[in-house]
Amino acid sequence: MPIEVAHDGVVPQSSAMSDRQALPLWTLVAPALGLLAALLGVAKMGLAGTAVAVVVLIASVLAAVHHAEVIAHKVGEPFGTLVLAIAVTVIEVSLIVSLMLSDTGGATELARDTVFAAIMIILNFIIGLCLVAGAARHVEQRFTLSGMNAALGVLTAMAVLSLVLPNYTSSTNGPTYAPSQLVFVAVVSLLLYGTFILVQTVRHRDYFLPASDDQDDHAAPPSTRATGIAFAVLLVALVSVVLLAKTLSPTIEAAVVGAGLPLAVVGVVIAALVLAPESLAAYKAAKRNRLQTSLNLALGSALATIGLTIPSVAIVSLVLGLPLSLGVDPKGMTLLALSLFVATLSLGTGRTTVLQGVVHLVIFAAYLFTTIVP
């Protein structure tokens with residue numbers, strides 16, 4: 001039996017095995033291949049290159065999910081779910097800004113379409129999928145009600161201020177803000193998001209902890225070294241995902257236009273690609289009966305999407321003088337109001353069943369269908 005020595009540099013056998021399991025070879029190779037494929041422009045090398053880029057993109061997404069779970073297991077809740085939410089949102093901002101600076105058609109509405117798509121995907125598809133997956137295996141799941149109420153309250157305020165109020169201001173024509181109004185909304189969004197992070201991680205951390213213990217919590221956590229490697233590879237994986245998505249975006253846009261679809265579909269595709277790591281992580285957590293973790297990921301991502309994306313694109317718009325349309329159309333306002341209302345009902349009791357999940361998925365289907373067939 002190996003002797004475990006804690007202070008002489010000898011790694012215990014159980015810890016070493018845990019680290020090897022935490023860092024499978026494929027999760028280290030896939031992000032590097034994704035970064036290489038993006039830098040070489042593989043997606044532009046014909047149909048075969050596009051297929052290779054898509055496969056590497058999916059592998060990078062799966063690797064990002066794995067490393068995010070390693071970090072979350074090491075640092076615990078709710079800090080673990082913040083890692084992926086903030087990292088993905090920062091990369092999402094970079095992608096939106098880079099496309100805004102390009103000559104892509106519809107760049108004025110791109111930020112709005114992507115943020116709105118992200119909110120609809122999170123509130124309806126991710127949450128709905130998690131509720132259905134969790135209920136299919138565990139019938140009924142529980143979570144801490146206080147944290148979800150806090151998150152939904154902040155999300156509602158930020159969504160209305162960013163995506164609805166611009167339609168009713170009179171300082172400018174159209175669904176836009178005047179420069180002073182844009183600065184105000186950007187500051188308020190950062191303030192609300194910063195306050196939420198303070199509440200989630202310091203003042204009321206218990207609001208966002210799982211309502212009950214899970215046997216998965218008792219598994220040996222990875223070492224600090226393995227966690228550091230996982231964090232570094234996570235960043236590489238996220239960068240790979242976004243760079244590949246950017247190189248694939250002209251192909252996607254051309255396909256959308258060629259099919260006669262609205263350009264808003266491009267925003268949906270971008271949001272879906274960027275949110276793929278969080279979607280898979282939330283789904284896997286729900287299947288393990290860790291719905292609290294799933295909801296932390298989902299709503300935390302929605303808050304980060306508005307709280308970080310809107311101020312960032314506002315700064316770019318003001319500094320470079322780029323037009324920025326934020327207000328969604330009446331159809332979008334209706335779906336946003338419906339989504340927030342249903343989410344409040346679904347997450348208002350601390351318990352969920354398959355019924356709430358199906359309702360959310362139906363709303364997402366309605367959003368997707370009316371986006372394609374406006």
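Values quoted throughout were computed directly from the atomic coordinates according to the rules given, and no laboratory measurement underlies them. What you see is a predicted model; the values in this text were computed from it and never measured. Cβ coordinates were reconstructed from backbone atoms using ideal geometry, including for glycine residues, and neighbour counts include every protein chain displayed.
Tabulated results
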quantity: Rg/Rh (Cα only; Kirkwood hydrodynamic radius) as it applies to the chain; calculated: 0.98
quantity: Protection proxy ranking, peptides 292-300, 254-262, 58-66, 24-32, average beta carbon neighbours within 10 Å, highest first; calculated: 292-300, 58-66, 24-32, 254-262
quantity: In degrees, nearest ten, helix 127-138 long axis to first principal axis of the chain (Cα); calculated: 30 degrees
quantity: Radius 9 Å from Cβ of Leu263, net charge of other residues (Lys, Arg +1; Asp, Glu -1); calculated: -3
quantity: Value at 222 nm in deg cm²/dmol, rounded to 500, when DSSP H runs of n ≥ 4 in the chain each add -39,500 (n - 2.57); calculated: -24500 deg cm²/dmol
quantity: The chain: angle of helix 264-287 to the longest principal axis, Cα-based, in degrees nearest 10; calculated: 30 degrees
quantity: Assigned charges on the beta-carbon of Lys, Arg, Asp, Glu; the chain dipole about Cα centre (debye); calculated: 220 debye
quantity: Dipole-positive endmost among Leu361, Gly267, Leu110 within the chain (Cβ charges, Cα centre); calculated: Leu361
quantity: The chain: angle of helix 354-372 to the longest principal axis, Cα-based, in degrees nearest 10; calculated: 40 degrees
